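Have a look at the structure below, then the notes.
The values are calculated or read from the model by the stated rules, or taken from the named source; none is laboratory data. Owing to the predicted nature of the structure, the values given are computational and were not obtained by experimental measurement. Cβ: placed from backbone, ideal geometry, glycine included. Neighbour counts: every protein chain shown. Please note that ligands, DNA and RNA were not included when accessible areas were found on the heavy atoms of the full protein model with its side chains. Shrake-Rupley method; radii C 1.70, N 1.55, O 1.52, S 1.80 Å.
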Amino acid sequence: MKTSLNRDSLADAVAWTAHALTTRPAVPVLSGLLLEAGDSGLTVSAYDYDTSRQARTSADVLHPGQLLLPGRVLVEVAKALPKGKPVELVADESEAVLTCGAAEFRLPTLPVEDYPTLPVTPPAIGTVDAAAFSSAVAQVAPATSRDETVPMLTGIRFDATGDQLALAATDRYRIAARTLPWTPHTTTRAMIPGRVLADIAKSLQPGDVTIGLGDGVAGFESVGRTTTVRLLDDQFIDYRARLADDWPIHADVAVAPLIAAVKRVALVADKNTAIRLTFRQGQVLVEAGGGDTGRGTEVLEAELSGGDIEIAFQSQFLLDGLVGIAGEQVRIHTTKPAKPALLTEADDDPAFRYLVMALRLA
């Protein structure tokens, strides 16, 4: 195998692909990055039996072939190569030589014949704007759980119906849901591991992302980069019904000042101490703390519809919902002090909805 390519292209491809490497591979070869040089350029791949990544980049291929190199080492080497100079990669059965300017690295190869077959990218079910999709995933991902004993709680629900794509997640204490427009090929639903989907969404390049589903696998393809991930069992709560309750009380508050106020008053509160919001006509009192830790309060303007109410939340749960609000104002819908509250943008048909459990007031 012999090929040459741009140094930045190589560094970007191996760094992005290495996100699929596991810290504790099931077999040693899964710690490697698979490099394949052919007519379409250079393809870099990683796989851990649950997630795969493939990045394709242009290259001048003199002798096609494939090799398997230690992944973490290759990432560091590619990042350290001199900028602005081409990289020449030459490999035989036991060693790969990377030359860039005056720098030369010799890396041992892993047995490529032992590397498992990468999963096939499933059939496309639709396309969506990458920036919008990335934003939507970032809004719902905080509501996923890390409790692997209940797989449903670690996933993000994916519902494609008509020209609407809906994402939802829950960890029992809150539900986050977001809809966005997309170009569909079919109607479907699936459960995708939340941690992996969040990682995919953050790495998307500007443009469109094509999403595929089939044979228990989801695929995401954008700008020469492809990711596949094994799906979770198709189980989820009826989240739409829980978000559609009647809300006799709601208050509109400027979201940025409210986020800042919650962060400030939380400085004098223990990690699990409640943040209290007391709504009166024209204002909301934000307060936390008490006892030996001190107490913080701040008053903000609020437009209240319905009766006065005092309600409390775990601070990080509240902040996760507020950060997901895209507009300048958040609408907080409530019923009673100890009942869950719904956070949305302040309009009649919000795309993002965040239901969060309220804490009992002492």
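Could you tell me whether any residue of the stretch 104-125 is closer than 30 Å to GLY321 by Cβ and under 28 Å from the mean Cα position of the chain (by Cα)? Steps first, please.
Keep residues of the stretch 104-125 that are closer than 30 Å to GLY321 by Cβ, which gives 125.
Retained after the next criterion (residues that are under 28 Å from the mean Cα position of the chain (by Cα)): 125.
The answer is yes, given that some residue of the stretch 104-125 is closer than 30 Å to GLY321 by Cβ and under 28 Å from the mean Cα position of the chain (by Cα).
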Q: Spot the failing condition for THR293; the list is (1) open to solvent by 10 Å² or more (accessible area, probe 1.4 Å); (2) in contact with a strand residue (DSSP E or B) (Cβ under 7 Å, 6 or more places away or on another chain); (3) without any contact (Cβ under 8 Å) to a residue 40 or more places away in the chain, and only one is missed.
A: (2)
**Q.** Top-ranked residue in the stretch 58-95 [being in contact with a helix residue (DSSP H, G or I) (Cβ under 7 Å, 6 or more places away or on another chain) and open to solvent by less than 20 Å² (accessible area, probe 1.4 Å); ranked as nearest to ASN6 (Cα to Cα)]
**A.** VAL87
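Consider ALA132 carefully, then state whether it is touching a residue at least 40 places away in the same chain (Cβ under 8 Å) and open to solvent by 40 Å² or more (accessible area, probe 1.4 Å).
Details: touching a residue at least 40 places away in the same chain (Cβ under 8 Å): yes; open to solvent by 40 Å² or more (accessible area, probe 1.4 Å): no.
So ALA132 does not fit the description; no.
Test of understanding: among LEU300, LEU277, LEU285, LEU359, which residue is in contact with a strand residue (DSSP E or B) (Cβ under 8 Å, 6 or more places away or on another chain), free of Cβ contacts under 8 Å to residues at least 40 places away in the same chain and over 19 Å from GLN139 (Cα atoms)? Spell out the reasoning first.
On the way: LEU300 fails: free of Cβ contacts under 8 Å to residues at least 40 places away in the same chain; LEU277 fails: free of Cβ contacts under 8 Å to residues at least 40 places away in the same chain; LEU359 fails: free of Cβ contacts under 8 Å to residues at least 40 places away in the same chain.
Testing whether each residue is in contact with a strand residue (DSSP E or B) (Cβ under 8 Å, 6 or more places away or on another chain), free of Cβ contacts under 8 Å to residues at least 40 places away in the same chain and over 19 Å from GLN139 (Cα atoms) leaves just LEU285.
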Q) Given the conditions (1) farther than 28 Å from ARG72 by Cα; (2) not in a helix (DSSP H, G or I), which single one is not true for ILE192? A) (1)
Q: Could you check, for the stretch 162-172, whether at least one of its residues is closer than 20 Å to LEU319 by Cα and either at pLDDT below 95 or surrounded by fewer than 18 Cβ atoms within 10 Å (Cβ to Cβ) (or both)?
A: yes
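Each row is one residue, and each column tells you yes or no for (1) over 22 Å from MET357 (Cβ atoms); (2) touching a helix residue (DSSP H, G or I) at 6+ places or on another chain (Cβ under 9 Å); (3) not charged (D, E, K, R).
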position	(1), (2), (3)
PHE158	yes, yes, yes
GLY162	yes, no, yes
LEU165	yes, yes, yes
ASP171	no, yes, no
ILE175	no, yes, yes
ASP215	yes, no, no
VAL229	yes, yes, yes
ASP234	yes, no, no
